[in-house]
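These notes concern the structure reproduced below.
The values are calculated or read from the model by the stated rules, or taken from the named source; none is laboratory data. Treat the numbers as computed from the prediction; the structure is a model and nothing was measured. FYI the Cβ positions are ideal-geometry reconstructions off the backbone, even for glycines, and counts take in every protein chain you see. Accessible surface is based on the protein model in full, side chains and every heavy atom, while ligands, DNA and RNA are left aside. Shrake-Rupley method; radii C 1.70, N 1.55, O 1.52, S 1.80 Å.
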Amino acid sequence: MNAKPALLSTLMILLSTAHAATGSVTPTATSNSVPLQVTVVAGAGCTLSTTDITVSGTYLASDPNGLQQTATNAVNVLCTNGAQYQLSGPGFMTLSNTGNTSSLYANLTYTFTNGSTVTSNGGTDAYDLTVTVPTGQTGVLPQTHTGSTYINITLMN
């Protein structure tokens, strides 16, 4: 006879009833109390949010400085305490007019390091984003140019 299955079965029964408790009441002992144990496994989680950015000024291809706008707290991450995450975002993006007949490109610089693991202390982590529209982009129609891109978050635990 193999003792391992019998031992395992007995252990499973003991573990499933290890925290069970009972109490009795009688005419001579009309009240009693028993402990109740509750177990919850908490997981890590984060919420990522971004703020839209409008670059100040008017772009002129001949302007030697181009345009630059730093948006303070443009990327925000709210996590449970101890959650580990990585952020990543593109280094540039395309901005186009409404008819998609004219475009500019903009460089993106973040205060987070792409691919670095951050451990949250349970509060909001805020990151700045600098948008730079370099000089010398010719053939651009004098219209509003807009674009969107994605900031990615990866939960590591």
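Other residues with beta-carbon under 13 Å from the beta-carbon of Gln69 carry, at +1 per Lys or Arg and -1 per Asp or Glu, a net charge of -2. Annotation: peptides 56-67, 83-94, ranked by per-residue average of other Cβ atoms within 10 Å with the highest first, follow the order 83-94, 56-67. Note on Asn65 and Ala29: their simple-model spin labels are 8.5 nm apart, each label 7 Å out from Cα toward Cβ. Along segment 133-143 the Karplus relation, 6.51 cos²θ - 1.76 cosθ + 1.60 evaluated at θ = phi - 60°, assigns HN-Hα couplings of 9, x, 5, x, 8, 8, x, 8, 5, x, 9 Hz to successive residues, with x for each Gly and Pro.
Here the chain exposes an accessible surface that is 55 percent carbon and sulfur, computed with a 1.4 Å probe and the other protein chains kept in place. Based on the alpha-carbon gyration tensor of segment 50-137 and its eigenvalue square roots a ≥ b ≥ c, which shape applies: rounded if a/c is under 1.5, prolate if not and a/b is larger than b/c, or oblate? Prolate. Under the rule of at least 5 residues apart or a separate chain, name every residue whose amide H is placed under 5 Å from the amide H of Asn73. HN-HN under 5 Å from Asn73: Tyr127, Asp128, Leu129.
Scale the Cα Rg of the chain by the rule-of-thumb value 2.2 N^0.38 Å and send over the ratio, two decimals.
So the chain has a normalised radius of gyration of 1.97.
Before I look further, what does the chain give for accessible area per residue, probe 1.4 Å, in whole square angstrom? Could you put the intermediate results ahead of the total?
Numbers: 10890 Å² over 157 residues.
I get 69 Å² per residue for the chain.
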